[in-house]
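The values are calculated or read from the model by the stated rules, or taken from the named source; none is laboratory data. Every value quoted in this text rests on a predicted model; they were computed, and no experiment measured them. All Cβ positions, even for glycine, are placed from backbone atoms using ideal geometry, and neighbour counts span all protein chains on display.
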Amino acid sequence: MKNYFFTLVFAFAVLVLHAQKTQSLIVKIDPITGDTIYIKHLNELEVLPKFKNARQSRRYDRLTLNVKKVYPYAQIAKAKMQEYEQILQNTPNSVAQRKIMKQIEDEIYAQWGDKLKDLTYSQGGILLKLIDRETGESSYELVQEFRGKLRAFFYQSFARVFGFNLKERYDPKGKDQQIEYIVRLIETNRL
């Protein structure tokens, strides 16, 4: 009986040392039945979309490239928006807020205007959706909040001419499911 106990303890110690070495093997022993259960933790796995034909595959590849290009801009927009909200909250009156917003708009155009002008129409539409994803507000609501209703109406009218809708919301479980999948891959450093 003692030999069986020492053998069991030795085997358990070897397995525990092996588990510490690989950091993925856990051994559980049921004291009543003596059963050993091996557990291995696997990395999260995402199932890639299945395409019916080569055309769909090319469209997905193009979407991936576009999302990778504009996602950093959406993150910058989120950070800048939080920064500007704090500045505007500390501003006492609406006249000073309008002056600050005009300065901010000029700063954004000076810093990012040329880069944003180089975006294609589809990249611009994806950027609008990703800004909604990052900030929780549609582009129309953001313009209305920061620049006023008249400016928001003007931008919405201009966007509609080019086939975009600033009021359209980001739908990660519906229409924008592939974009959400690509963004999650980017956020987990798997793309």
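Residues checked against (1) under 16 Å from GLU85 (Cβ atoms); (2) at pLDDT below 90; (3) assigned to a helix (DSSP H, G or I):
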residue: ALA110; (1), (2), (3): no, yes, yes
residue: GLY113; (1), (2), (3): no, yes, yes
residue: LEU130; (1), (2), (3): no, no, yes
residue: GLU137; (1), (2), (3): yes, yes, no
residue: LEU142; (1), (2), (3): yes, yes, yes
residue: GLU145; (1), (2), (3): yes, yes, yes
residue: ARG151; (1), (2), (3): no, yes, yes
residue: PHE158; (1), (2), (3): no, yes, yes
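Within region 120-127, is even one residue assigned to a helix (DSSP H, G or I), among the aliphatic types (A, V, I, L, M) and surrounded by fewer than 18 Cβ atoms within 10 Å (Cβ to Cβ)? Checking region 120-127: not a single residue is assigned to a helix (DSSP H, G or I), among the aliphatic types (A, V, I, L, M) and surrounded by fewer than 18 Cβ atoms within 10 Å (Cβ to Cβ).
Of note, ILE39 satisfies the criterion of being touching a strand residue (DSSP E or B) at 6+ places or on another chain (Cβ under 7 Å) and of a type in the set (A, V, I, L, M). Among the residues of region 167-189, are any touching a Leu at 6+ places or on another chain (Cβ under 8 Å), among the small types (Gly, Ala, Ser) and at negative phi? Checked against the condition, which is being touching a Leu at 6+ places or on another chain (Cβ under 8 Å), among the small types (Gly, Ala, Ser) and at negative phi, region 167-189 yields no hits at all. Could you pull out the residue among TYR181, TYR155, TYR170 that is farther than 23 Å from ALA79 by Cβ, among the hydroxyl-bearing types (Ser, Thr, Tyr) and either in the same structural domain as ARG59 (by TED's automatic domain parsing) or touching a residue at least 24 places away in the same chain (Cβ under 8 Å) (or both)? On inspection, the qualifying residue turns out to be TYR181. Please tell me if ALA74 is modelled with pLDDT of 75 or more, surrounded by 13 or more Cβ atoms within 10 Å (Cβ to Cβ) and either out of contact with any Phe, Trp or Tyr (no Cβ under 8 Å at 6 or more places or on another chain) or farther than 29 Å from LEU191 by Cβ (or both). Yes, satisfied.
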